[in-house]
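The values are calculated or read from the model by the stated rules, or taken from the named source; none is laboratory data. The structure displayed is predicted, hence computed values, not measured ones. Here the Cβ is made from the backbone with ideal geometry for all residues, glycine too, and neighbour counts use every protein chain on show. Side chains included, ligands, DNA and RNA excluded: accessible areas come from the protein's heavy atoms. Shrake-Rupley method; radii C 1.70, N 1.55, O 1.52, S 1.80 Å.
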Amino acid sequence: MFSNAEIGIDLGTANLLIYSKNKGVVYNEPSVVAIDTTTHKVLAVGNEAKEMIGKTPANITSIRPLRDGVIADYEVTSQMLNVMLKKVSKRLGMSMRKPNVIVCAPTGSTSVERRAIDNAIKDYGAKQVHIIEEPVAAAVGAGLPVDEPVSNVVVDIGGGTSEVAIISFGGVVSANSIRTGGDHMDIAIIQHVRKHYNVLIGERTAENIKMEIGHALIDHDTEEMEIRGRDLVTGLPKTINLNSKEIQEALREPLESILEAVRTTLENCPPELSGDIVDHGIMLTGGGALLRGMKEWLSSEIDVPVHVAENPLECVAIGTGKSLHLIHKLQKAAK
């Protein structure tokens, strides 16, 4: 009854997930906050706030307090966590007083960025905060044997960052973190539509295009999609047709930078572990793993088997929760 709640948090740029030891993933909503700019009060978080993006009056702004996998706006993140953890304790029907929390941070994050994450969660009243590397959490969530001396390669393509890591014996052997992810793919689509059609579209439309007709750099049958935006010449609403081939071309740059990060990480891999990689392959996690053709394209480029995790979106959150009993092993490896 009085034992401390144990939760894992995936502080994602696009989505925030909370994992409870007993109930699994209990919260999965966009990390977006709607704020009244005059009073600085939080009006909505999560799905409710995402619905407001680009559709609010002047005194209300919808912001994403996390950028590139780390906290960009400390005050707002703190308030967002407070609201979200209150929602979770309501859903669980139990008090979340002084929980033990495991959070993940990108491999390339600085000590200042990690301290900001630590402080934001302690502000809520957490008893203990453990920070683990994001790819390690993703590997645990995907069910890989991270605490054994075999090579586990994880490519975690999130909203703000893409992480590539080779994990063995509970620690990261070689890793690469680049600030390119799903958000950068959306921006590439917005720029493409603006450049070729003189039409301005919003982030949500760009995300829908990516999900509907986005493909990795593989051969596929052309698909079409009708979208609406604002004509930059007349200023009036305009409808245009896009096809999947041009969207594929727009996504080329962010996809190639992810491939480059995978190659660089594999080049720095000790030869003993390279043999394991050929046998076990690479595990794809994160929302970017759901882009059509991603698995086939990566596999053809690096000649290594590529697998997609069973639940790529929730992998990191599940991994943070499951890491609670592995934490001592993982921390020894981190030291």
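General observations
- Backbone HN-Hα couplings from phi across the stretch 210-218 [Karplus 6.51/-1.76/1.60, Hz, Gly and Pro as x]: 4, 6, 7, 10, x, 9, 6, 7, 10
- Coarse-grained scattering of the chain at q = 0.09, 0.11, 0.13, 0.14 Å⁻¹, given as base-10 log I(q)/I(0) from a Debye sum over alpha-carbon atoms: -0.50, -0.73, -1.00, -1.13
- Extension gain from Lys86 to Leu232, taking 0.36 nm per residue of separation minus the Cα-Cα distance: 48.2 nm
- Nonlocal amide H pairs with Arg292, under 5 Å, H built at 1.01 Å: Ala216
- Among the listed pairs Lys90/Lys210; Lys21/Lys122; Lys98/Lys322; Lys87/Lys127; Lys21/Lys295, a Cα-Cα separation exceeding 28 Å is found for Lys90/Lys210; Lys21/Lys295.
- The stretch 166-205 and the stretch 256-315: distance between their alpha carbon centers, rounded to Å: 17 Å
- Among the protein heavy atoms of the chain, carbon and sulfur supply 49% of the accessible surface, probe 1.4 Å, non-protein parts ignored.
- Helix-only mean residue ellipticity at 222 nm for the chain, each DSSP H run of n ≥ 4 adding -39500 (n - 2.57), per residue, nearest 500: -12000 deg cm²/dmol
- Net charge of Cβ neighbours under 12 Å - reference Gly24; Lys, Arg +1; Asp, Glu -1: +3
- Accessible area per residue for the chain is 47 Å², calculated with a 1.4 Å probe on protein heavy atoms, without ligands, DNA or RNA.
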